[in-house]
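Chemist: Take this structure first; my questions come after.
The values are calculated or read from the model by the stated rules, or taken from the named source; none is laboratory data. All values derive from a computational prediction rather than experimental measurement. Please note: Cβ atoms are built from the backbone with ideal geometry, for glycine as well, and neighbour counts cover all protein chains shown. Accessible surface is based on the protein model in full, side chains and every heavy atom, while ligands, DNA and RNA are left aside. Shrake-Rupley method; radii C 1.70, N 1.55, O 1.52, S 1.80 Å.
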Amino acid sequence: MPPTDIGPPDYKTMLHPVIKSNYGKWRYHEILKPGVLKHVAESGEAIYTVRAGSPRLLSTDRIREICDIADKYCDGYLRFTSRNNIEFLLDDPRKIDSLIDELETKNYPIGGTGHSISNVVHTQGWVHCHTPATDASGPVKAVMDELYDYFTEMKLPAHVRIALACCLNMCGAVHCSDIAILGIHRTVPKPDNSLVPNLCEIPTTVASCPTGAVRGDMKNKTVIVDEDKCMYCGNCYTVCPAMPIADPSNDGISIWVGGKVSNARSAPMFSKLVIPYLPNNPPRWPEVVQAVKNIVEVYAANARKHERLGEWIERVGWERFFTLTGIPFTDKHIDDFDMAIETFRTSAQFKWR
Ligand code: SF4
Ligand code: SF4
């Protein structure tokens with residue numbers, strides 16, 4: 001069959017030869033130092049990984065530079081992790097130090113392994129998407145500039161995964177990260193009914209709303225939004241460009257904590273809201289940076305070794321978490337949405353300290 005250009009190419013054709021010949025037959029791995037991993041196969045063959053941070057949104061020049069470095073030290077073998085770390089794959093450990101030297105000369109941070117903060121996965125933000133309530137790369141850059149040492153060293157109790165999504169449709173991993181930075185809208189979309197008939201299909205727009213807040217007038221081809229039912233998700237705007245939701249003075253950021261994907265020691269957890277609103281304050285987002293740094297430092301000072309942030313909070317209790325971090329508990333933390341009963345704590349087992 002002739003090759004097509006539909007869909008991604010088969011990744012197996014691009015695997016490092018050591019990975020290809022030992023696929024699924026690995027014995028163990030170890031972290032030699034921050035940013036350097038060694039995976040050993042049952043056959044005795046080993047592959048080394050040097051992990052570097054990336055800003056996720058990369059220019060063509062930057063991708064070419066990364067590929068040139070991979071060509072020079074790793075026969076061109078590199079990959080990006082799901083959190084956008086760059087991983088250079090080598091089978092010759094003698095090249096590791098010179099590869100790291102070159103990466104550091106070009107200002108790539110080396111780290112993100114083990115008990116560190118890995119690269120922050122984030123979404124498109126003001127650069128690209130149409131529904132963001134905040135920027136993506138901007139707050140991430142500001143936060144990681146402040147937490148840089150937690151990327152390059154492994155001094156935390158356990159892995160800390162930070163994610164940012166610029167709206168709650170959430171192209172990032174904010175539902176399951178130790179710390180999640182989530183853009184929120186706080187006002188309803190504003191339909192421009194002079195444009196709606198030409199730009200939007202009324203049935204599709206009405207059907208796009210998960211809470212039934214959009215009401216359509218089929219005769220006049222217009223829509224209205226029921227403010228009491230709207231949860232500011234922006235879904236209707238994706239379907240109908242004549243009802244924009246962005247609001248410069250009310251949009252902002254919320255902070256969620258305690259999520260994880262890992263099955264180790266405890267089941268995967270969803271992140272929970274701890275700070276309902278922080279203002280958008282570009283270019284350095286000081287309120288967001290301070291909030292994330294505070295949570296990381298309180299966790300680092302209080303958790304036991306190997307305890308993920310959510311596991312630590314479950315052990316000491318959410319009341320204790322709010323006390324230790326100094327984050328105020330407000331009515332905004334109480335879930336009052338339809339079917340909220342499922343999220344309520346229904347036993348009398350409070351942990352007061
Ligand atoms: Fe767009 Fe929302 Fe995804 Fe951000 S999280 S890129 S605003 S859909
Ligand atoms: Fe419905 Fe979301 Fe649009 Fe509000 S923002 S009207 S909840 S689709």
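Chemist: Restricting to region 41-70, what's the tally of residues that are open to solvent by 70 Å² or more (accessible area, probe 1.4 Å), basic (Lys, Arg) and farther than 23 Å from Pro17 by Cα?
Modeler: 1
Chemist: Mind listing whichever residues of region 254-267 are buried (at least 16 other Cβ atoms within 10 Å of the Cβ) and either of a type in the set (A, V, I, L, M, F, W, C) or within 13 Å of ligand 2 (Cβ to nearest atom) (or both)?
Modeler: Ile255, Trp256, Val257
Chemist: If I go through region 237-264 residue by residue, how many of them are closer than 22 Å to Arg320 by Cα and at pLDDT below 95?
Modeler: Quick first cut of region 237-264, residues closer than 22 Å to Arg320 by Cα only: 254-260.
Within this subset, residues satisfying the condition of being at pLDDT below 95 are none.
Summing the residues that are closer than 22 Å to Arg320 by Cα and at pLDDT below 95 in region 237-264 gives 0.
Chemist: Restricting region 161-171 to residues that are buried (at least 22 other Cβ atoms within 10 Å of the Cβ) and not charged (D, E, K, R), which is farthest from ligand 2 (Cβ to nearest atom)?
Modeler: Looking at residues that are buried (at least 22 other Cβ atoms within 10 Å of the Cβ) and not charged (D, E, K, R), I get Ile162.
Chemist: Among the residues of region 295-353 satisfying the criterion of being of a type in the set (A, V, I, L, M) and open to solvent by 70 Å² or more (accessible area, probe 1.4 Å), which is farthest from Tyr277 (Cα to Cα)?
Modeler: Ala348
For every residue, the table says whether it meets (1) touching a residue at least 40 places away in the same chain (Cβ under 8 Å); (2) within 30 Å of Ser116 (Cβ to Cβ); (3) not charged (D, E, K, R).
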position	(1), (2), (3)
Ile181	yes, yes, yes
Ile184	yes, yes, yes
Met218	no, no, yes
Asp226	no, no, no
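Chemist: Tell me which residues, restricted to region 15-40, are surrounded by fewer than 12 Cβ atoms within 10 Å (Cβ to Cβ) and of a type outside the set (Ser, Thr, Tyr).
Modeler: Lys20, Gly24, Lys25, Glu30
Chemist: What residue, among those in region 227-253 that are within 13 Å of ligand 1 (Cβ to nearest atom) and among the hydroxyl-bearing types (Ser, Thr, Tyr), is surrounded by the most Cβ atoms within 10 Å (Cβ to Cβ)?
Modeler: Tyr237
Chemist: If you don't mind, there's one more thing I want to ask. Looking only at region 174-188, filter to residues that are under 15 Å from Met231 (Cβ atoms) and within 12 Å of ligand 1 (Cβ to nearest atom); which one of those is most open to solvent (accessible area, probe 1.4 Å)?
Modeler: In this case the residue turns out to be Ile184.
Chemist: Now for a separate question. Could you please let me know if Ala267 is without any contact (Cβ under 8 Å) to a residue 40 or more places away in the chain and more than 22 Å from Gln349 (Cβ to Cβ)? So that I can check it myself, show each step before the final result.
Modeler: Numbers: without any contact (Cβ under 8 Å) to a residue 40 or more places away in the chain: yes; more than 22 Å from Gln349 (Cβ to Cβ): no.
No; evaluated as a whole, the condition is false for this residue.
Chemist: For Lys155, state whether it is of a type in the set (Lys, Arg), part of a loop (DSSP other than H, G, I, E, B) and without any contact (Cβ under 8 Å) to a residue 12 or more places away in the chain.
Modeler: On the way: of a type in the set (Lys, Arg): yes; part of a loop (DSSP other than H, G, I, E, B): yes; without any contact (Cβ under 8 Å) to a residue 12 or more places away in the chain: no.
The answer is no for Lys155.
Chemist: Which of the following residues is under 24 Å from Pro34 (Cα atoms), without any contact (Cβ under 8 Å) to a residue 24 or more places away in the chain and assigned to a helix (DSSP H, G or I): Lys95, Lys141?
Modeler: Lys95
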